[in-house]
Amino acid sequence: MNLLKKLLARKPLSRVRIAGGEVEFEVGRNKTVLESALENGLAYPHDCTVGTCGACRTRLLSGKVDAITPFGYTLSREELEAGYILACQAVPETDLEIAVELGEGGQTLRTTARLVALRELTHDIREASWEAEAKLSYRAGQYMNVTWPGAPGPRSYSFSGAPVEGGTTRLTTFIRKVPGGAFTERLFGEDMSAVPFAIDGPHGGFWLREGEGPILLISGGSGLSPLMSLLSDAVAHGVARDAVLLFGGRAERDLYCLDEIAGIAGQWRGSFDFRPVLSEVETPGRRFGMVTGEIADAIATLGGVAGLQAYLCGPPGMIDAGVAALVAAGVPLGDIHYDKFTDASTRTG
Ligand SMILES: Cc1cc2nc3c(=O)[nH]c(=O)nc-3n(C[C@H](O)[C@H](O)[C@H](O)COP(=O)(O)OP(=O)(O)OC[C@H]3O[C@@H](n4cnc5c(N)ncnc54)[C@H](O)[C@@H]3O)c2cc1C
Ligand code: FES
């Protein structure tokens, strides 16, 4: 039976229960789990809504779904075997029980913002500071969507600063120039200070989970942005877990925030090991190779996988390789958290 016939034959409503809490919602006829969750006002993690970023990955505990596009385009074999689905592509065939972590408070804000400062971090990454009209509250690790008049679609940027209690109008993000990119070419090439940006957020489910075990953080390029937020916030809250931060670049000129990271290391209450890894230029005192090639060694430093949580942020290829390496090392998928920095090329690819 083709998908259309299946959809038409489907019973009108399914109920979805989120395990471990009181949350239950109805999924309308022919709707996806994500669409209905958002219609019900839930802060369901998502980004692209078209099955490419993995942000809406959800563990299906019971019930059956149809996939609009196969989950395997985005999820790893390990994730599929563990029962993960993509909520934005999942149309329920039955009532469902799922496991997913909703965002805090469930409230996202839409407001306007101006770009008020740009700071060079590397040859192709800038810190962009935004001044919003209204205060935005977020969790360390989350991101906002940004649009501008005539934009082909929203662009997502993760906050680099630690959250401020009660919210803040000053938002900082690290932005990498993507050659041919609709937004980043402009950001690096012209003065955008007068542009009335529309922003909305916070979004995403990338934040530090509770626990006492060690944490392994892996980033590449501007993927350091949410990790700086997460680490600064963890310092402010006196987190005392052992940590390794792997940071991948091609050459020394790709490394940045070294002083800030040294500051975090100095205040960190557990052990803190910062390991830059360069993939193209062998440099004395630096590890050489792919950043994900350092995962096994980092896990050994942290005393093994027991209680370990992993946080990855950066380009999709790095995340896929990182998740595979973590799973191969024995880290349960439920303890691996990531944000893939997809763009127009990776979304359509
Ligand atoms: C959750 C999340 C968080 C993110 N956080 C950050 C962050 O903190 N910092 C950061 O730097 N980035 C982040 N990103 C990526 C960011 O949202 C943008 O995708 C990125 O900045 C590129 O935007 P752009 O408009 O410059 O490029 P785009 O216009 O998206 O183009 C990107 C590339 O795709 C090519 N392209 C355009 N259209 C097509 C097409 N149809 N087919 C094939 N190729 C095409 C372009 O030539 C270009 O090379 C994040 C992404 C996600 C999903
Ligand atoms: S929101 Fe579902 S894969 Fe991106």
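The values are calculated or read from the model by the stated rules, or taken from the named source; none is laboratory data. If you're wondering where the values come from, they're calculated on a predicted model, not measured in any experiment. Glycine gets a Cβ as well: all are built from the backbone with ideal geometry, and neighbour counts include every protein chain shown.
When you go through SER232, SER222, SER279 one by one, which is the residue that is of a type in the set (S, T, N, Q), buried (at least 21 other Cβ atoms within 10 Å of the Cβ) and out of contact with any Ser or Thr (no Cβ under 7 Å at 6 or more places or on another chain)?
Working: SER232 fails: buried (at least 21 other Cβ atoms within 10 Å of the Cβ); SER279 fails: buried (at least 21 other Cβ atoms within 10 Å of the Cβ).
Exactly one residue qualifies, and that residue is SER222.
State whether one or more residues within the range 61-78 are in the same structural domain as ILE199 (by TED's automatic domain parsing), at pLDDT below 95 and within 16 Å of ligand 1 (Cβ to nearest atom).
To start, the set of residues in the range 61-78 that are in the same structural domain as ILE199 (by TED's automatic domain parsing) comprises none.
No: the range 61-78 contains no residue that is in the same structural domain as ILE199 (by TED's automatic domain parsing), at pLDDT below 95 and within 16 Å of ligand 1 (Cβ to nearest atom).
Please identify the pairs in which a residue from the range 72-99 that is closer than 22 Å to CYS48 by Cα has its Cβ atom under 8 Å from the Cβ atom of a residue that is of a type in the set (S, T, N, Q) and surrounded by fewer than 21 Cβ atoms within 10 Å (Cβ to Cβ), counting only partners at least 6 apart or on another chain.
What qualifies is CYS88/THR49; GLN89/THR69; VAL91/ASN30.
Which residues, taken from the range 151-177, are more than 15 Å from GLU131 (Cα to Cα) and more than 18 Å from the chain's Cα centre (by Cα)?
Those that are more than 15 Å from GLU131 (Cα to Cα) and more than 18 Å from the chain's Cα centre (by Cα): ALA151, PRO152, GLY153, GLU165, GLY166, LYS177.
Please list, ordered by first then second residue, the pairs with beta carbon atoms under 9 Å, 6 or more apart or interchain, first in the range 37-54 and free of Cβ contacts under 8 Å to residues at least 12 places away in the same chain, second charged (D, E, K, R) and more than 9 Å from ligand 2 (Cβ to nearest atom).
GLU39/LYS31
Can you pull out every residue in the range 289-303 that is surrounded by fewer than 14 Cβ atoms within 10 Å (Cβ to Cβ) and either among the small types (Gly, Ala, Ser) or under 14 Å from GLY249 (Cβ atoms) (or both)? Show your work before the answer.
Restricting attention to the range 289-303, the residues satisfying the condition of being surrounded by fewer than 14 Cβ atoms within 10 Å (Cβ to Cβ) are 289, 296-297, 300, 303.
Passing the criteria: GLY289, ALA296, ALA300, GLY303.
Does the range 157-179 hold any residues that are in contact with a helix residue (DSSP H, G or I) (Cβ under 7 Å, 6 or more places away or on another chain) and closer than 13 Å to SER137 by Cβ, and which are they?
Initial filter on the range 157-179 (in contact with a helix residue (DSSP H, G or I) (Cβ under 7 Å, 6 or more places away or on another chain)): 158-163, 173-178.
Within the range 157-179, PHE159, GLY161, ALA162, PRO163 qualify.
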